[in-house]
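In what follows, a single structure is set out as structure tokens and then discussed.
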Amino acid sequence: MKTGTRLTIAPRAAPAVAPQLVVQSALLALNLVELDERIEQEVLDNPALVEDETACARSIMPPGGMMAPEEGAVLDIEDTICDNYTIQDDLELQFAASAPTELHEIGRRLIATIDEAGYLHADVFEVARELGVAPGNVQAAIEYLQQLEPAGVGARTPRECLLLQVRRLRVAGKPVPEGIERVIAACEADTGADLVRRIAQTTGLKRARVEGILRYIRQNLHPFPGYLFAARQRRAPARAVYVYPDVIIRNEGEHLGVEVPMSRAEFLRLNQAYLRLERAYRQCPDCAVEPGAEQVLEQLQRARNFLQMLQRRRKVLQMVASAVVKHQWRFILWGPAYHRPLYKKQIAAVTGLHEASVCRATKGKYVMLPDGEVVEFDVFFATAVPIKHVIADLVRRESRNRPLSDSRIVQLLAQQGYTVARRTVAKYRQALGIPGSAQRRRQYQMGGNLRPACTASIGHGNCM
């Protein structure tokens with residue numbers, strides 16, 4: 001009798017995955033732009049699903065009532081946004097994301113008076129009378145407006161514009177020369193010959209001190225912030241790719257609110273003609289066997305399933321975003337230094353979702369913070385955010401004569417509790433757009449300022 005091991009192949013039933021679950025997962029993985037494209041395709045494929053007429057003109061309406069750069073049936077995205085996106089459009093989006101809801105109408109009225117240089121041309125009492133609100137509310141709206149980007153926007157005079165920028169620099173912890181406010185006031189009052197001597201006499205500052213302050217103003221402040229926005233628009237590629245938030249986080253006073261913006265899903269409806277046919281088939285069972293009846297019923301069911309899956313997608317995004325905000329609210333309000341470690345399995349545990357669903361809900365999506373900045377959703381899970389912030393801060397405060405080497409940055413990070421390798425510091429430094437110490441020294445010697453492109457890399461606020 002022979003004994004041994006035989007390899008046999010036997011059929012075994014594998015667990016089947018419901019097609020609806022596959023579609024649900026695919027919808028969750030789409031960002032806002034991709035979702036609109038998917039909806040458009042579904043409407044074309046299934047006549048039982050229709051859009052309201054307003055959907056073509058209001059495909060996606062971000063806060064403030066501004067047309068967002070999404071492709072609709074009438075407007076061309078690139079013609080609409082790349083060519084016609086104005087500073088007023090940008091300010092409306094920022095204002096609606098940062099100001100309380102009750103100030104939105106006032107904000108839109110004020111922003112309509114902003115000129116191309118970024119200056120506000122509105123009288124507090126006239127706006128209050130026109131809108132039937134208290135002057136204090138108009139003033140509050142102006143204060144929110146003046147906190148938006150670019151710094152200095154919403155000012156009514158050059159002096160106020162420069163002072164707003166100085167205040168922004170001080171809040172950000174950046175070095176600002178003492179006496180700059182007095183020099184700015186003196187500049188506005190005196191523009192004659194030998195300006196430095198006159199300012200020195202008016203302010204009581206030494207001539208060398210005045211010259212240094214004026215040099216600082218020329219290098220760091222801009223009297224026409226609106227032109228900075230226009231310059232950025234001109235430098236943008238003709239066919240630039242714009243990103244739009246899948247989630248908007250609002251500062252609502254005592255708490256942070258989470259909103260999943262409208263998409264074309266808001267305008268989808270079941271075809272009324274198909275619904276009438278369905279009712280007729282129910283009242284007349286014999287009619288349901290007529291040619292085409294089965295297809296009508298199948299298309300209606302498919303449309304209902306699609307609408308339910310869209311609602312489910314929105315609910316999941318809302319759940320995930322709310323859980324993230326609850327964990328990272330300090331980072332959202334106060335910046336990268338307050339970023340806390342967060343993992344997607346933690347969000348899965350809190351929401352009761354599978355970790356894979358959390359990954360689909362965040363990957364490739366964007367979030368608008370209360371200050372109007374749009375960041376990648378994954379920045380909330382990025383462990384390098386606080387380290388990058390510290391590196392940027394160390395470089396910002398370094399000696400211009402002896403810039404910090406990567407090895408020295410490693411030592412300083414260790415003193416603050418961050419243990420990282422030198423090559424990791426180099427990688428983070430490059431991601432922040434900060435050149436090496438030798439190149440920084442040359443820039444300093446030439447009198448240049450270091451302006452690393454670190455906002456997007458860190459994901460919250462300017463670091464330099």
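The values are calculated or read from the model by the stated rules, or taken from the named source; none is laboratory data. Since the model is a prediction, treat every value here as computed from it, not as a measurement. Please note: Cβ atoms are built from the backbone with ideal geometry, for glycine as well, and neighbour counts cover all protein chains shown.
Observations on the model:
- Contact annotation: residue pairs with Cβ atoms under 8 Å, 6 or more positions apart or on different chains, pairing a residue in the stretch 294-305 that is over 13 Å from residue 50 (Cα atoms) with a partner that is surrounded by 18 or more Cβ atoms within 10 Å (Cβ to Cβ) and of a type in the set (Gly, Ala, Ser), are 296/48.
- Check on residue 419, assigned to a loop (DSSP other than H, G, I, E, B), at pLDDT 85 or above, farther than 19 Å from residue 175 by Cβ and out of contact with any strand residue (DSSP E or B) (no Cβ under 6 Å at 6 or more places or on another chain): yes
- Among residues of the stretch 83-112, those that are β-branched (Val, Ile, Thr), farther than 18 Å from residue 228 by Cα and either at pLDDT 90 or above or not in a helix (DSSP H, G or I) (or both), counted: 1
- Count of residues meeting criterion [closer than 26 Å to residue 148 by Cβ and of a type in the set (D, E, K, R)] in the stretch 364-411: 8
- Boolean, residue 227 is buried (at least 19 other Cβ atoms within 10 Å of the Cβ), at pLDDT below 85 and either under 24 Å from the mean Cα position of the chain (by Cα) or not hydrophobic (A, V, I, L, M, F, W, C) (or both): no
- Given (1) at pLDDT 85 or above; (2) outside the structural domain of residue 333 (by TED's automatic domain parsing), number of the condition residue 218 does not satisfy: (1)
- Taking the numbered list (1) at pLDDT 90 or above; (2) of a type outside the set (A, V, I, L, M, F, W, C); (3) within 21 Å of residue 224 (Cα to Cα) in turn, residue 150 passes all entries but (1).
So that you can scan it fast, the table gives a plain yes or no per residue for (1) over 25 Å from residue 21 (Cβ atoms); (2) at pLDDT 85 or above; (3) surrounded by fewer than 16 Cβ atoms within 10 Å (Cβ to Cβ):
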residue: 299; (1), (2), (3): no, yes, no
residue: 312; (1), (2), (3): no, yes, yes
residue: 321; (1), (2), (3): no, yes, no
residue: 326; (1), (2), (3): yes, yes, yes
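- Number of residues in the stretch 253-266 that are part of a helix (DSSP H, G or I) and buried (at least 19 other Cβ atoms within 10 Å of the Cβ): the value is 2.
- Test result for residue 421, of a type in the set (Gly, Ala, Ser) and within 28 Å of the chain's Cα centre (by Cα): no
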